[in-house]
Amino acid sequence: MKDNLTKQLGAGVLAFALCAPTVHAQDAPKMKMTTPVPPGITTPDEIKTRLGTLNFFDGVPDKETVQKVYNFLDFQHAFQAYMSGVQIASMDAIRKGILEFGPANTTAVLFEELMDSKAFFLTANTTSVYMFSWLQLGDEPMVIETSPDVLGIIDDHWFKYVADFGRLGPDKGQGGKFLILPPGYEGTVPEGYHVARTNTYGNWVIWRGFQVDGSPKPAVDATKKSFRIYPLSQKDNPPKMTFVNASGKFVNTIHRMDEHIFEEINEVVQAEPSDGQSEEILGVLASIGIKKGQPFKPDARMKKILTAAASAGSVSVKTIMSKPRDEMFYFYPGESVWMNPFPGGEYSWVNEGASLLDARAGFHFYATGITPAMAKKIIGKGSKYAYTYLDANHNPLDGSKTYKVHVPPNVPAKDF
């Protein structure tokens, strides 16, 4: 094809719509029963677009036009799959990173001496005492015994919120027993548990403790004493929990940004029930060959398209997050570069009934962890997040420079 695909995509890698057409329609012959056709409802036989000249005969495209249009459609679908699937890939990368330390359910990864540069983890800091496990359910419920005085969340494999535990959970920071019901579970639910239902078999359990007088040890000790995961059927004799200190060790939990992101997305699609994901997102994924129960094997043409779409997606999410054009992102539009990762104040990125698609994609490129507590105003217990990529002069922050952040007095914050 002499790289016709590249020519056809061309500048269209970032151009997501056809240009206004240039019309070269033939004059229709006058007939006895000719009825005037309202303007705008027909397509001319020749249209000049960013894809080149497209030719039709009575609405039927010629061979070259068919190829151009389908290349364009496949690119559009692949780009949207990237933007709508980045959160899915992110959770797949988190799962893989956790399981490097040991099997699901019986392994808890603790940063006993906090995180450092060897921990590839989105938006984590070197102050909080991070800890996490991978919960893998089967046909029966699983019990999680949680530690006191933590901020903990459970997100499913699609990266959707399941439950809070700790200070913002039903245990009210005292620790407790949570019963997680697997997809489609209809069995008996015993009393004495905080119950949550998940739509996926795989789930991320993450919690962070708080330093005491500059030491992470009390939070780590509390987790080792009380945290457990086990099947409900083994509640009388739960298996031993293994605690792994990840401080100072390499761990990567960050998703791919290139064309291999589609392989990460496919792994989750194959592993989980489709019921937990929206039909529209699954439809977009299916349009590029990511279908449950089927191998994902793009041909050479499609691989080029996926590579181009991933390039477009990667620069799009970076731009959306670092320099958003929607004023909802900004705490003080026109006055400050400090921004809210949850524009509109909703962890679900839904505002007045409409999904904020760009904001959702940008967040999952940039950060991890989904809970209402991160977005809502919860006095005395909740968390508030602000971020920026820019300095006071709107220049990108430079890691080789030192910056000062002015914090006004009496900020109503207790713990970090």
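Quick notes
- The C-beta contact set for the range 98-126 (first residue of a type in the set (D, E, K, R), second residue at pLDDT below 95, distance under 8 angstrom, 6+ apart or interchain) comprises D116/T126.
- Taking the numbered list (1) in contact with a Phe, Trp or Tyr (Cβ under 9 Å, 6 or more places away or on another chain); (2) among the β-branched types (V, I, T); (3) surrounded by fewer than 16 Cβ atoms within 10 Å (Cβ to Cβ) in turn, I154 passes all entries but (3).
- Only residues that are assigned to a loop (DSSP other than H, G, I, E, B) and of a type in the set (F, W, Y) were counted in the range 123-161, giving 2.
- Selection status of D139, acidic (D, E) and at pLDDT below 95: no
- Selection from the range 207-219 of residues that are over 14 Å from G175 (Cα atoms) and either more than 31 Å from the chain's Cα centre (by Cα) or of a type in the set (A, V, I, L, M) (or both): V212, D213, G214, S215, K217, P218
- Number of the condition not met by Q270 [criteria: (1) without any contact (Cβ under 8 Å) to a residue 24 or more places away in the chain; (2) closer than 16 Å to S147 by Cα]: (2)
- Being over 21 Å from the mean Cα position of the chain (by Cα) and touching a residue at least 12 places away in the same chain (Cβ under 8 Å) holds for only one residue in K48, K32, and it is K48.
- Near pairs, Cβ below 7 angstrom, 6+ apart or cross-chain, from the range 327-349 (modelled with pLDDT under 95) to any residue that is basic (K, R) and crowded, with 17+ Cβ neighbours inside 10 Å: W349/R360
Yes/no per residue for (1) in contact with a strand residue (DSSP E or B) (Cβ under 9 Å, 6 or more places away or on another chain); (2) surrounded by fewer than 24 Cβ atoms within 10 Å (Cβ to Cβ):
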{"position": "Y70", "(1), (2)": "no, yes"}
{"position": "H77", "(1), (2)": "no, yes"}
{"position": "A119", "(1), (2)": "yes, yes"}
{"position": "L122", "(1), (2)": "no, yes"}
{"position": "S133", "(1), (2)": "yes, no"}
{"position": "D139", "(1), (2)": "no, yes"}
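- Neighbours by Cβ (under 8 Å, 6+ apart or cross-chain): first from the range 377-401, of a type in the set (F, W, Y); second not in a loop (DSSP other than H, G, I, E, B): Y385/M374; Y387/M339; Y387/Y366; Y389/M321; Y389/S322; Y389/P396
- Strands (runs of 3 or more DSSP E) contained entirely in the range 35-122, each with at least 2 residues that are touching a Pro at 6+ places or on another chain (Cβ under 8 Å): 46-49, 52-57
- Each residue in the range 273-308 was checked for being in a helix (DSSP H, G or I), small (G, A, S) and out of contact with any Leu (no Cβ under 9 Å at 6 or more places or on another chain), and 4 of them qualify.
- Reported count of residues in the range 199-234, each being assigned to a strand (DSSP E or B) and touching a residue at least 12 places away in the same chain (Cβ under 8 Å), is 12.
- Looking at G176, G166, G138, G152, just one residue is within 19 Å of the chain's Cα centre (by Cα) and either closer than 21 Å to K235 by Cα or touching a residue at least 40 places away in the same chain (Cβ under 8 Å) (or both), and that residue is G152.
The values are calculated or read from the model by the stated rules, or taken from the named source; none is laboratory data. The structure displayed is predicted, hence computed values, not measured ones. Note that we place each Cβ from the backbone using ideal geometry, even for glycine, and neighbour counts take in every protein chain shown.
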